[in-house]
Amino acid sequence: MYKRQFKDILGDASKWAQWVGKNIIGSVSNAANVLKNGYKEAASKVAPILHSMGLNANDAAKLMKGAGFASDAIAAGLNVAFKGLGLSGMTNALKFAGYGANDVAAGLKYVGFSASNVASVLKNTFKLGDDGVNAALKLVSFSTDDINKGLKSIGASVGGALSHLNPFSW
């Protein structure tokens, strides 16, 4: 009888999380780790469960990073769980989790932010220069046109930052 009751409670990730959130089940240092590795939940499920436990986006992102989720998966999960987080909120959460400029750029791109948005974050939040912004936008696979738009949006000289792409400059 008890075995079935425990299975009903502990076999469901959402029920388990409710019990952890109410401190009925204690000593859980990283709920995201249990959800990912114990319950085999994807980031798109983990973030809403963490939100239902009362965590904010910053704390959810930090726990999810600690559980081994990549920045793009965390961004996707936060996008599901925290509607309206926006560019600033998403950037802050990923940065709070400990991600650097390239990983934040990857997460922002993954959830659909434009190269101009990402360039602005890289310049203003991470204080990257034009070449650093250019390199990060390339690393996360924005198209050349999108990179040019992103660089122009932050006031960068596109010819200067991308001159190495022009064979007449070699």
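The values are calculated or read from the model by the stated rules, or taken from the named source; none is laboratory data. All figures in this text were calculated on a predicted structure; none of them were measured in a lab. Heads up, the Cβs are rebuilt from the backbone with ideal geometry, glycines too, and the neighbour counts pull from every protein chain shown.
Scanning region 100-133 for residues that are at negative phi, among the basic types (Lys, Arg) and more than 15 Å from the chain's Cα centre (by Cα) yields a single hit, 123. For region 55-65, the criterion of being surrounded by fewer than 16 Cβ atoms within 10 Å (Cβ to Cβ) and either within 20 Å of residue 128 (Cα to Cα) or not polar (S, T, N, Q) (or both) is met by none of the residues.
Given the residues 36, 45, which is the only one that is more than 30 Å from residue 147 (Cβ to Cβ) and modelled with pLDDT of 85 or more?
Details: 36 fails: modelled with pLDDT of 85 or more.
Among 36, 45, only 45 is more than 30 Å from residue 147 (Cβ to Cβ) and modelled with pLDDT of 85 or more.
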